[in-house]
Amino acid sequence: MSRRCALCVLLPCLVQLACNVREPGCLDIEAENFDFEAERHDASLCIYPDLVLNVFYQWADSSLQTGYLYHNASGIDYAIHSIQILFSGFVVQNAEGEDLSIDERVTIMTGSCTSGTQHQVPDDFLFVDRSAFNYALGAFRGSGPMHLVRVSTGMPDDYTPMCLESLPASHLLRGVRAGYDEQLGDFALGRFIISKDSVNAVRDTFFAYGLTEELQFDLSRTFRQGRRDTIFMAIDFHQIFDPIDLSQDADSVANDIGSRISATVSVH
(Lines give C-alpha, C1' and ligand atoms only; values in the text may rest on other atoms or scores of the structure.)
Protein backbone atom coordinates (compact mmCIF):
# COMPACT_ATOMS: atom_id res chain seq x y z
CA MET A 1 0.00 0.00 0.00
CA SER A 2 1.35 3.40 -0.91
CA ARG A 3 1.93 6.07 1.76
CA ARG A 4 -0.94 8.13 0.31
CA CYS A 5 -3.38 5.21 0.59
CA ALA A 6 -2.28 4.52 4.18
CA LEU A 7 -3.03 8.12 5.11
CA CYS A 8 -6.43 7.85 3.45
CA VAL A 9 -7.27 4.89 5.68
CA LEU A 10 -5.79 6.39 8.86
CA LEU A 11 -7.23 9.90 8.60
CA PRO A 12 -10.93 8.96 9.05
CA CYS A 13 -9.95 6.91 12.12
CA LEU A 14 -8.14 9.84 13.69
CA VAL A 15 -11.06 12.16 12.96
CA GLN A 16 -13.47 9.68 14.56
CA LEU A 17 -11.28 9.41 17.69
CA ALA A 18 -11.13 13.18 17.98
CA CYS A 19 -14.90 13.40 17.65
CA ASN A 20 -15.34 10.87 20.45
CA VAL A 21 -13.39 12.98 22.99
CA ARG A 22 -15.88 14.19 25.60
CA GLU A 23 -15.34 17.79 26.58
CA PRO A 24 -14.91 18.18 30.37
CA GLY A 25 -16.65 20.82 32.47
CA CYS A 26 -18.33 21.48 35.77
CA LEU A 27 -21.68 19.74 36.06
CA ASP A 28 -22.34 20.63 39.70
CA ILE A 29 -25.34 22.99 39.84
CA GLU A 30 -24.06 24.44 43.13
CA ALA A 31 -21.00 25.81 41.31
CA GLU A 32 -21.01 29.31 39.87
CA ASN A 33 -19.48 28.01 36.62
CA PHE A 34 -21.99 25.17 36.07
CA ASP A 35 -21.73 24.25 32.39
CA PHE A 36 -24.78 22.42 31.04
CA GLU A 37 -22.99 21.89 27.73
CA ALA A 38 -20.13 19.91 29.31
CA GLU A 39 -20.03 16.27 28.22
CA ARG A 40 -18.35 14.92 31.35
CA HIS A 41 -17.92 16.19 34.90
CA ASP A 42 -14.51 17.35 36.10
CA ALA A 43 -14.77 18.45 39.75
CA SER A 44 -11.38 20.20 39.56
CA LEU A 45 -12.90 22.75 37.19
CA CYS A 46 -15.72 23.75 39.55
CA ILE A 47 -15.65 27.17 41.20
CA TYR A 48 -17.97 27.59 44.16
CA PRO A 49 -19.41 30.93 45.24
CA ASP A 50 -18.30 32.67 48.42
CA LEU A 51 -20.52 33.02 51.43
CA VAL A 52 -20.22 36.67 52.45
CA LEU A 53 -20.63 38.19 55.91
CA ASN A 54 -21.87 41.79 55.90
CA VAL A 55 -21.33 43.50 59.26
CA PHE A 56 -23.06 46.64 60.53
CA TYR A 57 -21.16 48.34 63.34
CA GLN A 58 -23.93 49.71 65.48
CA TRP A 59 -24.03 52.26 68.29
CA ALA A 60 -27.51 52.00 69.81
CA ASP A 61 -29.76 53.28 67.01
CA SER A 62 -26.99 54.68 64.83
CA SER A 63 -23.66 53.68 63.31
CA LEU A 64 -20.46 53.36 65.33
CA GLN A 65 -18.03 56.22 64.72
CA THR A 66 -14.41 55.31 65.36
CA GLY A 67 -12.31 58.22 66.61
CA TYR A 68 -15.43 59.94 67.95
CA LEU A 69 -15.56 61.03 71.60
CA TYR A 70 -18.27 59.11 73.43
CA HIS A 71 -19.50 59.64 77.01
CA ASN A 72 -20.47 56.49 78.93
CA ALA A 73 -22.57 55.70 81.99
CA SER A 74 -19.50 55.94 84.26
CA GLY A 75 -18.99 59.56 83.26
CA ILE A 76 -15.87 58.88 81.23
CA ASP A 77 -15.14 60.35 77.79
CA TYR A 78 -13.43 57.94 75.43
CA ALA A 79 -12.85 57.20 71.77
CA ILE A 80 -12.64 53.80 70.05
CA HIS A 81 -9.90 53.79 67.43
CA SER A 82 -9.64 50.15 66.38
CA ILE A 83 -11.73 47.00 66.72
CA GLN A 84 -11.06 43.39 65.83
CA ILE A 85 -13.39 40.64 67.04
CA LEU A 86 -12.60 37.01 66.30
CA PHE A 87 -15.37 34.79 64.91
CA SER A 88 -15.18 31.18 63.75
CA GLY A 89 -17.31 28.08 63.22
CA PHE A 90 -19.75 29.46 60.66
CA VAL A 91 -22.45 26.86 59.94
CA VAL A 92 -25.67 27.35 57.97
CA GLN A 93 -28.48 24.80 58.29
CA ASN A 94 -30.72 23.98 55.32
CA ALA A 95 -34.36 22.88 55.21
CA GLU A 96 -33.37 19.22 55.71
CA GLY A 97 -31.53 20.05 58.93
CA GLU A 98 -28.13 19.47 57.28
CA ASP A 99 -25.22 21.60 58.51
CA LEU A 100 -23.34 23.28 55.67
CA SER A 101 -19.90 24.78 56.30
CA ILE A 102 -17.15 26.51 54.33
CA ASP A 103 -15.22 24.32 51.88
CA GLU A 104 -11.75 25.68 52.59
CA ARG A 105 -9.72 23.67 55.11
CA VAL A 106 -6.55 24.30 57.05
CA THR A 107 -4.39 21.86 59.01
CA ILE A 108 -3.85 22.75 62.66
CA MET A 109 -2.00 20.95 65.42
CA THR A 110 -3.48 21.09 68.89
CA GLY A 111 -1.38 20.61 72.00
CA SER A 112 2.39 20.47 71.72
CA CYS A 113 4.16 21.28 68.45
CA THR A 114 6.18 18.07 68.84
CA SER A 115 3.58 15.64 70.15
CA GLY A 116 0.27 17.30 69.31
CA THR A 117 -2.59 16.02 67.18
CA GLN A 118 -3.22 17.18 63.63
CA HIS A 119 -6.70 18.20 62.55
CA GLN A 120 -8.06 19.50 59.28
CA VAL A 121 -10.71 22.09 60.08
CA PRO A 122 -12.78 24.65 58.13
CA ASP A 123 -10.68 27.75 57.52
CA ASP A 124 -13.47 30.14 58.49
CA PHE A 125 -11.58 32.19 61.09
CA LEU A 126 -12.39 35.85 60.70
CA PHE A 127 -11.57 39.16 62.35
CA VAL A 128 -14.27 41.76 61.87
CA ASP A 129 -13.09 45.33 62.27
CA ARG A 130 -14.16 48.85 61.37
CA SER A 131 -12.16 49.04 58.17
CA ALA A 132 -14.47 46.77 56.14
CA PHE A 133 -18.12 45.75 55.96
CA ASN A 134 -18.07 42.72 53.67
CA TYR A 135 -16.02 39.61 54.43
CA ALA A 136 -15.78 36.61 52.10
CA LEU A 137 -15.92 33.62 54.42
CA GLY A 138 -14.97 31.14 51.70
CA ALA A 139 -16.44 28.81 49.10
CA PHE A 140 -19.89 27.56 50.11
CA ARG A 141 -21.96 24.80 48.54
CA GLY A 142 -25.54 25.41 49.48
CA SER A 143 -28.76 26.73 47.98
CA GLY A 144 -32.43 26.86 48.78
CA PRO A 145 -34.17 27.62 52.10
CA MET A 146 -31.85 28.07 55.08
CA HIS A 147 -33.27 28.07 58.60
CA LEU A 148 -30.51 29.04 60.97
CA VAL A 149 -26.89 30.08 61.25
CA ARG A 150 -24.42 29.25 64.01
CA VAL A 151 -21.22 31.14 64.71
CA SER A 152 -18.77 31.18 67.60
CA THR A 153 -17.16 34.19 69.22
CA GLY A 154 -13.47 33.41 69.57
CA MET A 155 -11.84 30.07 68.93
CA PRO A 156 -13.55 26.68 69.51
CA ASP A 157 -12.23 25.11 72.70
CA ASP A 158 -11.23 21.88 70.96
CA TYR A 159 -8.88 23.87 68.67
CA THR A 160 -6.76 25.08 71.61
CA PRO A 161 -4.10 25.04 72.82
CA MET A 162 -2.71 25.33 69.31
CA CYS A 163 0.75 25.04 67.81
CA LEU A 164 0.89 28.26 65.78
CA GLU A 165 3.77 26.91 63.68
CA SER A 166 1.36 24.37 62.18
CA LEU A 167 -0.45 27.22 60.42
CA PRO A 168 0.74 28.83 57.17
CA ALA A 169 3.05 31.76 57.93
CA SER A 170 0.56 34.21 56.40
CA HIS A 171 -2.47 32.91 58.30
CA LEU A 172 -4.39 35.60 60.19
CA LEU A 173 -4.22 33.67 63.48
CA ARG A 174 -0.43 34.17 63.51
CA GLY A 175 -0.82 37.95 63.55
CA VAL A 176 -0.54 40.27 66.55
CA ARG A 177 -4.24 40.99 66.66
CA ALA A 178 -5.02 37.33 67.40
CA GLY A 179 -3.63 37.96 70.88
CA TYR A 180 -2.53 34.36 71.46
CA ASP A 181 -1.66 33.89 75.14
CA GLU A 182 0.77 31.00 75.63
CA GLN A 183 -0.03 30.69 79.32
CA LEU A 184 -3.75 30.49 78.67
CA GLY A 185 -3.19 28.49 75.50
CA ASP A 186 -5.96 30.53 73.91
CA PHE A 187 -6.71 33.33 71.48
CA ALA A 188 -8.33 36.62 72.46
CA LEU A 189 -12.00 37.14 71.68
CA GLY A 190 -11.12 40.61 70.47
CA ARG A 191 -8.59 43.42 70.34
CA PHE A 192 -9.64 47.01 71.05
CA ILE A 193 -7.63 50.24 70.95
CA ILE A 194 -9.18 53.00 73.07
CA SER A 195 -8.19 56.45 74.31
CA LYS A 196 -9.74 57.96 77.43
CA ASP A 197 -10.68 61.59 78.11
CA SER A 198 -9.70 62.80 74.66
CA VAL A 199 -9.48 61.60 71.08
CA ASN A 200 -5.78 62.51 71.06
CA ALA A 201 -4.99 60.94 74.44
CA VAL A 202 -2.68 57.98 74.90
CA ARG A 203 -4.23 54.91 73.32
CA ASP A 204 -4.55 51.69 75.31
CA THR A 205 -4.80 48.26 73.71
CA PHE A 206 -7.09 45.72 75.38
CA PHE A 207 -7.07 42.01 74.51
CA ALA A 208 -10.39 40.60 75.69
CA TYR A 209 -10.25 36.95 76.77
CA GLY A 210 -13.15 34.85 77.92
CA LEU A 211 -15.26 31.80 77.20
CA THR A 212 -15.92 30.93 73.58
CA GLU A 213 -19.66 30.95 72.93
CA GLU A 214 -21.55 29.37 70.06
CA LEU A 215 -24.39 31.66 69.00
CA GLN A 216 -27.42 30.49 67.05
CA PHE A 217 -29.77 32.69 65.05
CA ASP A 218 -32.87 32.10 62.95
CA LEU A 219 -32.15 32.83 59.30
CA SER A 220 -35.35 32.06 57.36
CA ARG A 221 -34.17 32.98 53.88
CA THR A 222 -33.38 31.36 50.56
CA PHE A 223 -29.90 31.18 49.08
CA ARG A 224 -29.50 31.37 45.32
CA GLN A 225 -28.18 28.37 43.47
CA GLY A 226 -24.60 28.73 42.25
CA ARG A 227 -24.35 32.40 43.31
CA ARG A 228 -22.69 34.09 46.28
CA ASP A 229 -25.01 35.05 49.07
CA THR A 230 -24.75 37.15 52.18
CA ILE A 231 -25.38 36.78 55.90
CA PHE A 232 -26.06 40.12 57.60
CA MET A 233 -24.68 40.65 61.10
CA ALA A 234 -24.97 43.61 63.47
CA ILE A 235 -22.78 44.29 66.51
CA ASP A 236 -23.95 46.92 69.00
CA PHE A 237 -20.83 48.38 70.64
CA HIS A 238 -22.92 50.69 72.80
CA GLN A 239 -23.98 47.59 74.77
CA ILE A 240 -20.32 46.65 75.26
CA PHE A 241 -18.80 49.96 76.27
CA ASP A 242 -21.52 52.08 77.86
CA PRO A 243 -21.69 50.08 81.15
CA ILE A 244 -17.91 49.58 81.51
CA ASP A 245 -15.93 51.59 84.03
CA LEU A 246 -12.85 52.47 81.97
CA SER A 247 -11.07 53.77 85.08
CA GLN A 248 -10.48 50.17 86.20
CA ASP A 249 -7.17 48.41 85.61
CA ALA A 250 -6.54 47.07 82.11
CA ASP A 251 -7.30 43.42 82.96
CA SER A 252 -10.68 44.33 84.48
CA VAL A 253 -11.64 46.44 81.47
CA ALA A 254 -10.60 43.65 79.08
CA ASN A 255 -12.57 41.06 81.08
CA ASP A 256 -15.67 43.27 81.02
CA ILE A 257 -15.39 43.69 77.27
CA GLY A 258 -14.97 39.95 76.73
CA SER A 259 -18.01 39.10 78.85
CA ARG A 260 -20.29 41.38 76.80
CA ILE A 261 -19.36 40.60 73.19
CA SER A 262 -21.69 37.67 72.54
CA ALA A 263 -24.80 39.49 73.83
CA THR A 264 -24.32 42.30 71.31
CA VAL A 265 -24.32 40.17 68.13
CA SER A 266 -27.41 39.68 65.97
CA VAL A 267 -27.97 38.09 62.56
CA HIS A 268 -30.78 38.89 60.16
- Determine if region 70-80 includes at least one residue that is touching a helix residue (DSSP H, G or I) at 6+ places or on another chain (Cβ under 9 Å), farther than 28 Å from Phe223 by Cβ and of a type in the set (Phe, Trp, Tyr). yes
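If you go through region 156-173 one residue at a time, do you hit one that is among the acidic types (Asp, Glu), closer than 22 Å to Phe56 by Cα and assigned by TED's automatic domain parsing to the domain that holds Ser74?
No; the residues of region 156-173 include none that is among the acidic types (Asp, Glu), closer than 22 Å to Phe56 by Cα and assigned by TED's automatic domain parsing to the domain that holds Ser74.
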- Query: Can you name every residue in region 212-247 that is closer than 15 Å to Asn54 by Cβ and small (Gly, Ala, Ser)?
  - Reply: Ala234
- May I ask you to list pairs of residues, at least six apart or on different chains, whose Cβ atoms are under 8 Å apart, with the first in region 230-254 being surrounded by fewer than 13 Cβ atoms within 10 Å (Cβ to Cβ) and the second being among the β-branched types (Val, Ile, Thr)? Ser247/Ile76
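Being at pLDDT below 95 and basic (Lys, Arg): is that true of Arg221 here? Spell out how you get there, then give the answer.
Numbers: at pLDDT below 95: yes; basic (Lys, Arg): yes.
Yes: the conditions hold for Arg221.
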- Task: Just one of (1) in contact with an Asp or Glu (Cβ under 8 Å, 6 or more places away or on another chain); (2) outside any strand (DSSP E or B) trips up Ser112, so point out which.
- Result: (1)
- Task: Go through (1) under 30 Å from Met146 (Cα atoms); (2) without any contact (Cβ under 8 Å) to a residue 24 or more places away in the chain and name the single condition His71 misses.
- Result: (1)
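The values are calculated or read from the model by the stated rules, or taken from the named source; none is laboratory data. Because the structure is a prediction, the values reported are computed rather than measured. In this analysis, Cβ positions are derived from the backbone assuming ideal geometry, glycine residues included, and neighbour counts consider all displayed protein chains.
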